[in-house]
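Below you'll find the structure, written out as structure tokens, and then a few comments.
The values are calculated or read from the model by the stated rules, or taken from the named source; none is laboratory data. Predicted model only: the values in this text are computed from it and were never measured. When we count neighbours, we look across all protein chains shown, and the Cβ atoms used for this are built from the backbone with ideal geometry, even at glycine. Note: areas computed on protein heavy atoms with side chains; ligands, DNA, RNA excluded. Shrake-Rupley method; radii C 1.70, N 1.55, O 1.52, S 1.80 Å.
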Amino acid sequence: MRIKELVYAALFAALIAVLGLIPPVSLGIIPVPVTAQTLGVMLAGCFLGWRTGALSLIIFLILIALGLPVLPGGRGGLAILVGPTAGYLFSWPLAAGLIGWFTEAVWPKLRTWKLFAVNLIFGVLLVNLIGASVMVWITNTPVWTGLVGSAAFLPGDLIKALLAAVITMQLRAFSPVEEKRGA
């Protein structure tokens, strides 16, 4: 991995931390808030590709584990990584990696709708399935409550998936994926 890719990964970890400054929306049904940080997860995969995108989220998880206040409400620390939000957080590197892998695969014929579909499958459905499953297990919540609570994320997640696709298409020329293809 080149230094430039490491810098991109670190910058995206910082971007995701900045997205955590946007106040979360509590659902009340489940102990997991709606945040803007999943937009960063999808952007990392779309813009950086699979390797660098996944690395940026691994760096982000390390920052959380170190106790840095990078989550909404200034939260961080090991307790977060074993709490109700753990499944969502641990699914992020996987989601960014899969989004990046599929994005790289279709890069020469990249279209907004393709990015939106990839974000929808891996950035929305995968994250919510893993996150809700772990949250139900940790909190001993009924599965139905977890699924209904997770469904409440869908409207905002659809908007974030579309935003990530549009932003990536607008900044495509600056993407490290474009640099790899051009080289």
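Annotations for the structure displayed:
- Lone unmet requirement of (1) open to solvent by 50 Å² or more (accessible area, probe 1.4 Å); (2) aliphatic (A, V, I, L, M); (3) not in a helix (DSSP H, G or I) for ILE30: (1)
- With respect to the stated conditions, GLY20 fails to be surrounded by 15 or more Cβ atoms within 10 Å (Cβ to Cβ), more than 26 Å from VAL136 (Cβ to Cβ) and in contact with a Gly (Cβ under 9 Å, 6 or more places away or on another chain).
Yes/no per residue for (1) part of a helix (DSSP H, G or I); (2) modelled with pLDDT of 95 or more; (3) not small (Gly, Ala, Ser):
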residue: ILE59; (1), (2), (3): yes, yes, yes
residue: ILE64; (1), (2), (3): yes, yes, yes
residue: GLY67; (1), (2), (3): no, yes, no
residue: GLY73; (1), (2), (3): no, no, no
residue: LEU81; (1), (2), (3): yes, yes, yes
residue: PRO84; (1), (2), (3): no, no, yes
residue: LEU89; (1), (2), (3): yes, yes, yes
residue: PRO93; (1), (2), (3): yes, yes, yes
